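Bear in mind these aren't lab numbers, they're just calculated from the coordinates by the rules spelled out. Remember, it's a predicted structure, so these values are computed and weren't measured experimentally. Using ideal geometry, Cβ is built from the backbone for each residue, glycine included, and neighbour counts are taken over all protein chains shown.
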Amino acid sequence: MRDQKIIQKIKIFFQKFITVINPFEDELDMADKPHLNLIVTGHIDNGKSTTMGHFLMDLGVVDERTIAAHAAESEKTGKGDTFKYAWVMDNIKDERERGITIDLAFQKFESSKYFFTLIDAPGHRDFIKNMITGASEADAAILVLSAKEGETDTAIAPGGQAREHAFLLKTLGVNQLIVAINKMDDSNFSEDAFKKAKEKGEKLVQSVGYKLDKVPFIPVSGWKGDNLVKKSENMPWYNGKTLLEAFDDFEITEKPVGKPLRVPIQDVYTITGVGTVPVGRVETGTMKAGQKIIVMPSGAQGEIKSIETHHTEMPSAEAGDNIGFNLRGIEKKDIKRGDVLGTPDAPPNVAKEFKAQIIVIHHPTAIAPGYTPVMHCHTAQVAATVTEFLQKINPATGAVDEESPKFLKVGDSAIVKIRPVRPTPIETFQEFPEMGRFALRDMGATIAAGIVKEITEKYTP
C-alpha cells in the first residue's frame with residue numbers, strides 16, 4: 001500500500017516537472033513512427049522562429065486563427081504583424097517584448113516518415129547556453145542562413161552565431177544537417193542571391209566537418225511560406241525538395257544500449273514521502289528497477305527503486321530515454337546536477353586532468369596556457385584550466401602543424417591538456433561520444449569546442 005502511495009506521489013510530481021527534462025515525449029504513442037529531435041539554429045534575426053512558425057501553420061499543426069491572434073497582439077506592441085509566425089515558437093512574454101528567442105521552445109509535428117519534436121534554439125549570444133542544452137538532445141538540425149545582402153556575412157563571421165552554432169552542432173554530435181537559405185522574398189526570389197548565400201554556407205559547414213554531399217541547401221521564405229511544406233512557384237529554377245520532404249531523408253541512428261550505463265544528472269528533487277528523485281537522460285546502456293548503481297564523483301552506491309517517464313512508471317529505461325527515478329541508499333548530498341550515474345562494475349570515469357582536441361571558435365585576441373574558462377560537458381558546468389598546449393593541428397588534414405604552440409587564435413585546432421577545478425565525470429570521445437564532447441565558454445561566448453582524447457589523471461573517491 002505504501003509503495004502505491006509513493007508511486008502516486010511520483011506521478012503527480014512528474015505531471016508538474018517532467019517537462020524540465022523531457023519535453024519530447026508528450027503523447028509519443030499518438031504517432032506510430034520513429035521519433036527524432038530536430039533543433040533549429042542560426043544567427044539572430046535570420047528568421048528561425050518565423051520560418052518554423054509558418055512551417056507549422058502550413059502543416060496544420062497551428063491554425064490560422066492562432067496566427068491571426070499573434071498578428072493582432074504584435075500590432076499592439078507597435079511592431080506591425082512582423083512577429084505573427086515567430087510567436088508560435090516564442091512563448092515567453094519577455095521574448096515577445098524584445099523580439100528574440102530566449103529559451104528553448106518545443107513543438108511537435110509529423111512528416112510522412114517520422115514524428116518530430118522541434119526545438120527552436122535562441123540565436124542571441126546571451127542565450128547560447130540554452131542552445132547548447134538543446135543541441136545535446138538533438139538528432140538532427142536545421143541551420144537558417146539569410147539570402148538578404150550582408151546578413152549571412154555577419155552570421156558566419158568570427159563571433160557570428162551561425163558560425164558558433166555550426167561548430168557546436170558538429171562537436172555535440174549532431175551529424176545530420178539541413179541548411180535553409182531564408183528571406184528569398186527579399187531578393188524577389190533571385191537564384192543569384194541564393195547561390196551567393198549558398199556558397200558562403202558551404203564554406204562554413206565544410207570547415208566544421210560536414211560533408212557537402214550530405215547537407216541539402218534549400219531556398220525558403222519563412223515570411224511568405226515558399227518551399228516549407230509546398231513547392232514554391234516563385235523559384236522555378238529550384239528543383240530540389242521542400243523542407244518537409246527533406247526531413248524524410250534523415251536517418252535514425254542506432255541507440256548505444258550495449259554500452260555501460262551512463263546517466264548525467266539534470267536536476268535532483270526532494271519529494272515529501274518519496275525522498276530523492278534525480279532526473280536526467282540515459283545516454284548509454286540500460287537501467288532497471290532493482291539495479292545496483294553508483295553515483296560519480298561522490299562514489300555513493302545505492303539501488304534504483306522505481307523509474308518514471310511522463311506520467312508512467314517504467315520497469316526499465318534505455319539510451320535516449322528522459323527519466324526520473326527514485327533511489328534507495330543515496331542521500332541528496334551525494335548526488336547533484338552534473339554528476340553521472342552508472343553501475344559499480346563499470347563506473348563512470350572521473351577526470352582530474354584530460355587530453356583533448358579543441359577548435360577555437362571565438363576570442364578577441366588569443367588564448368595561452370593557464371587560461372580558465374567554464375567547461376560545459378553533458379549536464380556539468382565547471383571552471384577548467386587549459387594547462388598545456390601540446391600540438392597545433394591542421395583542421396583540414398589532421399596533421400601536426402606545430403609542437404608546443406605558445407598561443408591559439410580563432411580557427412586554430414590543437415591537442416591540449418585541461419584540468420577542471422574539481423574532479424569531473426567525463427569519458428573519452430572514442431568510447432562514449434555522447435559523454436566525450438564539451439564546449440569552453442567565457443565572456444558570454446563559446447570560445448572553443450572539443451572532444452576528450454584521453455583521461456591522463458583519473459579521480460577515485
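Taking amide H atoms as placed 1.01 Å from N in the peptide plane, list the residues 5 or more away in sequence, or in a different chain, whose amide H sits under 5 Å from that of Thr284.
Arg262
How big is the charge dipole of the stretch 331-410 about its Cα centre, in debye rounded to the nearest 20, if each Lys and Arg gets +1 on its Cβ and each Asp and Glu gets -1 on its Cβ?
On the way: 9 positive and 9 negative charges, 60 e Å.
Magnitude of the dipole: close to 280 debye.
Per-residue counts of other Cβ atoms within 10 Å, averaged by peptide: what ranking do you get for 318-330, 35-47, highest first? It would help to have the intermediate numbers written out before the result.
Details: 318-330: 20.8, 35-47: 23.8.
Output ranking for 318-330, 35-47: 35-47, 318-330.
Using per-residue counts of other Cβ atoms within 10 Å, averaged over each peptide, order 214-225, 286-297, 350-361 from highest down.
Details: 214-225: 20.7, 286-297: 18.1, 350-361: 22.2.
Per-residue mean Cβ counts within 10 Å order the peptides as 350-361, 214-225, 286-297.
Calculate the FRET efficiency for Asp401 and Ala366 from the Cβ-Cβ distance with a Förster distance of 22 Å, rounded to the nearest 0.05. Show your work: numbers first, answer last.
Details: r = 15 Å, r/R0 = 0.70.
That pair, Asp401 with Ala366, gives E of 0.90.
Do you know the relative contact order of the stretch 350-458, to the nearest whole percent, from alpha carbon pairs under 8 angstrom that are 6+ apart?
Details: 288 pairs, mean separation 44.7, N = 109.
Relative contact order of the stretch 350-458: 41 percent.
Might you report the magnitude of the Cβ-based charge dipole of the stretch 319-461 about its Cα centre, with Lys and Arg at +1 and Asp and Glu at -1, to the nearest 20 debye?
On the way: 17 positive and 17 negative charges, 93 e Å.
So the dipole magnitude of the stretch 319-461 works out to roughly 440 debye.
Given Cβ point charges of +1 (Lys, Arg) and -1 (Asp, Glu) and nothing else, what value in debye, to the nearest 20, does the dipole of the stretch 162-237 about its Cα centre take? Display every interim value, and only then the final one.
Details: 13 positive and 10 negative charges, 52 e Å.
Result for the stretch 162-237 is approximately 240 debye, rounded to the nearest 20.
Sorting check: for 148-161, 429-442, which peptide has the highest mean count of neighbouring beta carbons within 10 Å, and how do the rest follow?
Working: 148-161: 18.5, 429-442: 21.1.
Per-residue mean Cβ counts within 10 Å order the peptides as 429-442, 148-161.
Apply the Karplus parameterisation 6.51 cos²θ - 1.76 cosθ + 1.60, with θ equal to phi minus 60°, to every residue of the stretch 181-189 and state each ³J(HN,Hα) to the nearest whole Hz, in sequence, with x for glycine and proline.
Along the stretch 181-189, the couplings run 8, 8, 6, 4, 5, 5, 9, 6, 6 Hz.
Of Lys200/Lys255; Lys108/Lys288; Lys33/Lys170; Lys33/Lys288; Lys198/Lys352; Lys48/Lys332, which pairs sit farther than 32 Å apart, going by alpha carbon to alpha carbon?
Values: Lys200/Lys255 34 Å; Lys108/Lys288 29 Å; Lys33/Lys170 26 Å; Lys33/Lys288 25 Å; Lys198/Lys352 43 Å; Lys48/Lys332 40 Å.
Among Lys200/Lys255; Lys108/Lys288; Lys33/Lys170; Lys33/Lys288; Lys198/Lys352; Lys48/Lys332, the Cα-Cα distance tops 32 Å for Lys200/Lys255; Lys198/Lys352; Lys48/Lys332.
Would you please give the residues with an amide H less than 5 Å from that of Ile426, counting only those at least 5 places away or on a separate chain, with H modeled from the backbone geometry?
Distant-sequence amide H within range of Ile426: Asn349, Val350, Ala351.
Let a ≥ b ≥ c be the square roots of the eigenvalues of the Cα gyration tensor of the stretch 367-454; is it rounded (a/c under 1.5), or, if not, prolate (a/b larger than b/c) or oblate?
It is oblate, given that a/c is not under 1.5 and a/b is not larger than b/c.
Projecting each Cα onto the charge dipole of the stretch 164-271 (Lys/Arg +1, Asp/Glu -1 at the beta carbon, about the Cα centre), which of Gly258, Val220, Thr171 comes out farthest on the positive side?
Comparing the listed Cα positions along the dipole, Gly258 ranks first.
With θ taken as phi - 60° and the coefficients 6.51, -1.76 and 1.60, list the Karplus ³J(HN,Hα) couplings across the stretch 151-158 in order, rounded to whole Hz; mark glycine and proline as x.
Couplings: 6, 5, 4, 5, 5, 9, 5, x Hz.
Expressed as a whole number of Å, what is the distance separating the alpha-carbon centroids of the stretch 305-334 and the stretch 135-210?
38 Å
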